[in-house]
């Protein structure tokens, strides 16, 4: 039925256009003779010209695709197609008429008037039809949701155009900081005021929804917009950022609620994609911890850069299953993907994987990272974070992998937790192994990633959904934050510019107060802090710092060719001494001598500051908890 309707509409449009051929021709002659009677002498030429024009012009209409477009959405491309069809059709018509009768009875002014009237006859009805339809839709839906748009740029224009075809939204105005735009209209929608006056506008107009139509709005501006919306109990939505969707097309189907990432103040990253492509394209890439928060995003972004083969290893069957499914859904180039269950503690299993697949680049994201859990399971943390890293690094060196990238953390700087100590030990080992092998060992260090497993954001989200309280360890505690895609993009960028032995530190921007983060997330949920949902201060957890550091005081740092990546100068260590210390650490871990492990780690990492206390029975106590093994 729908197909029949489409064909009928096309035939009706064709008949309409054919009818305009004689109308335009007769009207051209009529105007030529000053709107008086056309002399009988010219009628023979008119009918000869009309016979030729009906054939040539109809062929041109179809050839140039005048019936691909829909009148309801007639626009510039349709006008261009009409122009081509008219110009070519008229040219061929006049050429054939010249061959037949040398145009002896055709006034020269017809060469201009006929194509002009034909063009107007074909294009004006289409554009008027669209205008009437748009106007009708706009005026006939008073029940739609009244929308205020922030940003009268290209994205805002596309949203308004889409809204006028939709019964759900009625755009009532724009806010924009460009003074030149205030008072002007876009598709009949007025720019009312500047963004800073949003509170006044919300009080003056019946606004039911605010949409931020700016691709990368400043975080402070976004916070002010959200604060004004919350004060009036008005919902706020936004369009996807460039990091989420690198696509110029914006429509209402892509709208989403404001999330915490929008309020954290991160700038859009500009990447050197050519360098990352040269690192990954047509190579075998191995990702350890492939099912984790960082590892899974490494896999996704690596796949975009078209490796020859992607090898995923993870100790969790469930995580490996999930990331494999995700990759299969986006693997449009049919890149070879191998998903392998493997614990990095098992050096024989790792050796077999490297022997089978010969990876060129290794992205090592496998680690235990939850601070309180590792404080309670010290030996397990050491086995994975130190000796697991040692295993995969040694095998990478054995098989002469080109680049080995280790994912580290800001908690490795002046560590107060076992998680920080184990990651700092792994950093040292990779740096020292770089000087002993042909493999380039590169370390990347950064802080918290929003929505990663075990991070504070999903915890707060769950607590808010349960009605609170939201638990904050200290009112003054601060953390650096970046999104998972942003962190991974910078990891790959650092890998592409690294030459071995470096510790690259990702620029995390300004640290965020966790207490303020909790309040913002409560507001985002539509609740009021301390009224609807309480915030409870519970005290610092074992190994937790008030603030994190990205550099040790003895690490000189400098810029790189990427503005968001800094380079920390390596601290010199004694390879033989460090190797012997690791051998000793392995022995006492095997024997479960916990007190000796703590003492040796304080020697290996002298800057380690701990609140763990050795008890008389060889166990460990902390001011905040009892460690159980």
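The values are calculated or read from the model by the stated rules, or taken from the named source; none is laboratory data. These numbers come from a predicted model, not from an experiment. As a convention, Cβ positions derive from the backbone with ideal geometry for all residues, glycine included, and neighbour counts pool all protein chains shown.
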Practice prompt. Could you list all residues from segment 30-51 that are over 17 Å from residue 15 (Cα atoms) and either under 60 Å from the mean Cα position of the chain (by Cα) or at pLDDT 85 or above (or both)?
Written response: 30, 31, 49
Worksheet, complete the sentence: Checked 364, 370 against criteria (closer than 24 Å to residue 456 by Cα, in contact (Cβ under 8 Å) with a residue 60 or more places away in the chain, surrounded by fewer than 19 Cβ atoms within 10 Å (Cβ to Cβ) and in contact with a helix residue (DSSP H, G or I) (Cβ under 9 Å, 6 or more places away or on another chain)); the one match is 370
Discussion item. So residue 117 passes all but one of these: (1) over 17 Å from residue 52 (Cα atoms); (2) at pLDDT below 85. Which condition number does it fail?
Written reply: (2)
Worksheet item: Under the condition of being surrounded by fewer than 16 Cβ atoms within 10 Å (Cβ to Cβ) and modelled with pLDDT of 75 or more, which residue from segment 126-144 is nearest to the chain's Cα centre (by Cα)?
Response: 127
Worksheet entry | Residues that are closer than 19 Å to residue 458 by Cβ and modelled with pLDDT under 80, drawn from segment 516-547 | 520, 523, 524, 525, 526, 527, 541, 544
Practice prompt. From 283, 297, 317, grab the single residue that is under 18 Å from residue 273 (Cβ atoms), in contact (Cβ under 8 Å) with a residue 12 or more places away in the chain and over 23 Å from the mean Cα position of the chain (by Cα).
Written response: 283
Worksheet item: When you go through 66, 14 one by one, which is the residue that is at pLDDT below 85, part of a helix (DSSP H, G or I), surrounded by 15 or more Cβ atoms within 10 Å (Cβ to Cβ) and assigned by TED's automatic domain parsing to the domain that holds residue 109?
Response: 14
Worksheet item: So is residue 341 farther than 16 Å from residue 404 by Cβ, surrounded by fewer than 16 Cβ atoms within 10 Å (Cβ to Cβ) and modelled with pLDDT of 95 or more or not?
Response: yes
Worksheet entry | Options 319, 328; residue that is assigned by TED's automatic domain parsing to the domain that holds residue 404, more than 30 Å from residue 214 (Cα to Cα) and out of contact with any strand residue (DSSP E or B) (no Cβ under 8 Å at 6 or more places or on another chain) | 319
Item to complete: Just give me the residues in segment 82-96 being in contact with a helix residue (DSSP H, G or I) (Cβ under 6 Å, 6 or more places away or on another chain) and surrounded by 19 or more Cβ atoms within 10 Å (Cβ to Cβ), in sequence order.
Response: 82, 85, 86, 89, 90, 93
Fill in: Residue list for segment 191-218, filter: surrounded by fewer than 17 Cβ atoms within 10 Å (Cβ to Cβ) and either over 16 Å from residue 172 (Cβ atoms) or touching a helix residue (DSSP H, G or I) at 6+ places or on another chain (Cβ under 8 Å) (or both)
194, 196, 199, 216, 218
Worksheet item: With (1) touching a strand residue (DSSP E or B) at 6+ places or on another chain (Cβ under 8 Å); (2) touching a residue at least 60 places away in the same chain (Cβ under 8 Å) as the list, and residue 417 as the residue in question, which single condition is left unmet?
Response: (1)
Practice prompt. Would you confirm whether any residue within segment 280-289 is part of a strand (DSSP E or B), surrounded by fewer than 18 Cβ atoms within 10 Å (Cβ to Cβ) and at pLDDT 85 or above?
Written response: no
Discussion item. Kindly evaluate residue 20 against the criterion of being free of Cβ contacts under 8 Å to residues at least 12 places away in the same chain and either not assigned by TED's automatic domain parsing to the domain that holds residue 161 or not in a helix (DSSP H, G or I) (or both).
Written reply: no
Practice prompt. Could you identify the single residue in 160, 221, 170 that is part of a strand (DSSP E or B), at pLDDT 80 or above and surrounded by 15 or more Cβ atoms within 10 Å (Cβ to Cβ)?
Written response: 170
Worksheet, complete the sentence: The correct count of residues that are over 30 Å from residue 304 (Cβ atoms), surrounded by 14 or more Cβ atoms within 10 Å (Cβ to Cβ) and at pLDDT 85 or above in segment 227-251 is 5
Fill in: Given (1) outside any loop (DSSP other than H, G, I, E, B); (2) touching a residue at least 40 places away in the same chain (Cβ under 8 Å), index of the condition residue 380 fails
(2)
Worksheet item: Identify, please: which residue in segment 104-114 is out of contact with any helix residue (DSSP H, G or I) (no Cβ under 7 Å at 6 or more places or on another chain) and not in a helix (DSSP H, G or I) and is, among those, modelled with the highest pLDDT?
Response: 108
Practice prompt. Give segment 374-409 a look and list any residue that's farther than 16 Å from residue 430 by Cα and buried (at least 24 other Cβ atoms within 10 Å of the Cβ), or say none.
Written response: 374, 375, 381
Worksheet item: Is it the case that residue 463 is touching a strand residue (DSSP E or B) at 6+ places or on another chain (Cβ under 8 Å), assigned to a helix (DSSP H, G or I) and closer than 25 Å to residue 526 by Cα?
Response: yes
Worksheet item: Could you say which residue among 428, 442 is in contact with a helix residue (DSSP H, G or I) (Cβ under 9 Å, 6 or more places away or on another chain) and in a helix (DSSP H, G or I)?
Response: 428
Response to the item:
Among the residues of segment 475-492, the number that are touching a helix residue (DSSP H, G or I) at 6+ places or on another chain (Cβ under 8 Å) and over 27 Å from residue 537 (Cα atoms) is 7
